[in-house]
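One structure is given below, encoded as structure tokens.
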Amino acid sequence: MRRDTFLKSMAALVASAGLPLSAQAAANLKMMIPANPGGGWDSTGRALGKALQDAGQVSSVQFENKGGAAGALGLAQFVNASKGDPNALMVMGAVMLGGIITGKPPVSLSQATPIARLTTEYNVFVLPANSPLKDMKDVVEQLKKDPGSVKWGGGSRGSTEHVAAAMIARNAGVDAAKINYVPFRGGGEATAAILGGNVTVGGSGYSEFAQYIASGKMRAIAVTSDQRLPGVKVPTLRELGIDVVIGNWRGVYAPPGITPEQQKVLTDMVTAVFRNKAWIAALESNNWTPALLTGKAFADFVDQEFAMLRAIMVKSGMV
């Protein structure tokens with residue numbers, strides 16, 4: 001379903017609903033955000049928590065940020081400290097899969113309980129406003145001359161912007177293993193590095209850079225979607241002759257050790273949020289594409305994404 005059609009239908013459903021979707025809210029929900037404040041996981045977790053409260057699904061939400069190792073540090077804490085807790089969720093997504101592949105941490109995502117995929121967001125590549133490079137063509141030409149001279153800044157190793165940078169290099173005939181990628185622990189750190197001119201080109205979800213693009217502090221040069229984002233006048237990589245499309249999806253997991261009944265309650269609770277006006281507003285304001293997937297379909301999707309990312313990373317010399 002098209003993003004705009006989904007949002008309109010959900011808005012109509014909310015207008016006709018009137019009452020909270022749950023008459024009995026959990027006393028308190030603990031939300032693990034395995035990243036530093038200011039990034040995509042942080043904004044997703046807080047938007048979800050707000051919507052869960054707004055919908056009457058929970059009475060309060062306690063957030064905890066634990067950044068590092070592409071989410072592996074937060075995952076380890078979540079798996080060990082929240083085992084069996086039916087009122088706990090952890091934000092995760094494609095970045096965590098990439099980080100697990102590249103970092104090989106001792107903790108495994110399979111130890112936790114899949115709940116739902118929430119959204120997909122495409123990446124945007126930007127230049128600092130004062131960069132001597134003008135567009136993606138200039139970046140690629142510089143990359144061909146000297147791969148190490150182009151410093152890519154973004155999320156953790158294995159993030160979608162890291163994978164996209166490697167794919168751009170391969171598309172240009174450059175050894176992807178030679179790209180100079182600088183990972184940051186959170187969106188705030190990456191933003192500061194770009195604004196300070198400490199990296200050549202930066203990449204992240206469009207919503208994280210939108211205000212800086214609008215103010216002219218960053219120059220958007222390409223998005224990783226298959227077609228232009230709604231209301232965003234930035235060309236796709238494919239428009240520029242670079243055959244790269246990759247989305248950054250995000251979802252939530254529960255701890256290990258919960259019962260199937262408790263898993264269903266959490267899944268129903270998160271699913272109900274897609275009817276809530278606060279969540280619909282968050283989708284619109286952040287340019288997130290709704291991508292709800294639950295149950296076995298979500299678990300299978302994660303397995304498929306893991307295999308696909310591993311194959312891309314092996315071909316690109318990232319692992």
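Is it the case that M318 is in contact with a helix residue (DSSP H, G or I) (Cβ under 7 Å, 6 or more places away or on another chain) and outside any helix (DSSP H, G or I)? So M318 passes the test.
Give the residues of segment 120-135 that are surrounded by fewer than 23 Cβ atoms within 10 Å (Cβ to Cβ) and within 25 Å of the chain's Cα centre (by Cα), sorted by residue number.
To start, the set of residues in segment 120-135 that are surrounded by fewer than 23 Cβ atoms within 10 Å (Cβ to Cβ) comprises 120, 128-135.
The answer is T120, P128, A129, D135.
Take residues that are farther than 24 Å from D175 by Cα, modelled with pLDDT of 95 or more and of a type in the set (S, T, N, Q) and tell me which of the strands (runs of 3 or more DSSP E) falling wholly in segment 41-149 contain 2 or more.
On the way: elements: 61-65, 88-93, 113-128.
Ranges flagged: 61-65, 113-128.
Check segment 273-289 and report whether any residue there is of a type in the set (V, I, T), in contact with a helix residue (DSSP H, G or I) (Cβ under 7 Å, 6 or more places away or on another chain) and at pLDDT below 95. For segment 273-289, residues of a type in the set (V, I, T), in contact with a helix residue (DSSP H, G or I) (Cβ under 7 Å, 6 or more places away or on another chain) and at pLDDT below 95: present.
Among the residues making up segment 150-188, those that are open to solvent by less than 50 Å² (accessible area, probe 1.4 Å), farther than 24 Å from K137 by Cβ and either out of contact with any helix residue (DSSP H, G or I) (no Cβ under 9 Å at 6 or more places or on another chain) or not in a loop (DSSP other than H, G, I, E, B) (or both) are G187, G188.
The values are calculated or read from the model by the stated rules, or taken from the named source; none is laboratory data. Note that this is a predicted model, so its numbers are computed, not measured. Note that each Cβ is placed from the backbone with ideal geometry, even for glycine, and that neighbours are counted across all protein chains shown. Surface accessibility is based on the protein's heavy atoms, side chains included, excluding ligands, DNA and RNA. Shrake-Rupley method; radii C 1.70, N 1.55, O 1.52, S 1.80 Å.
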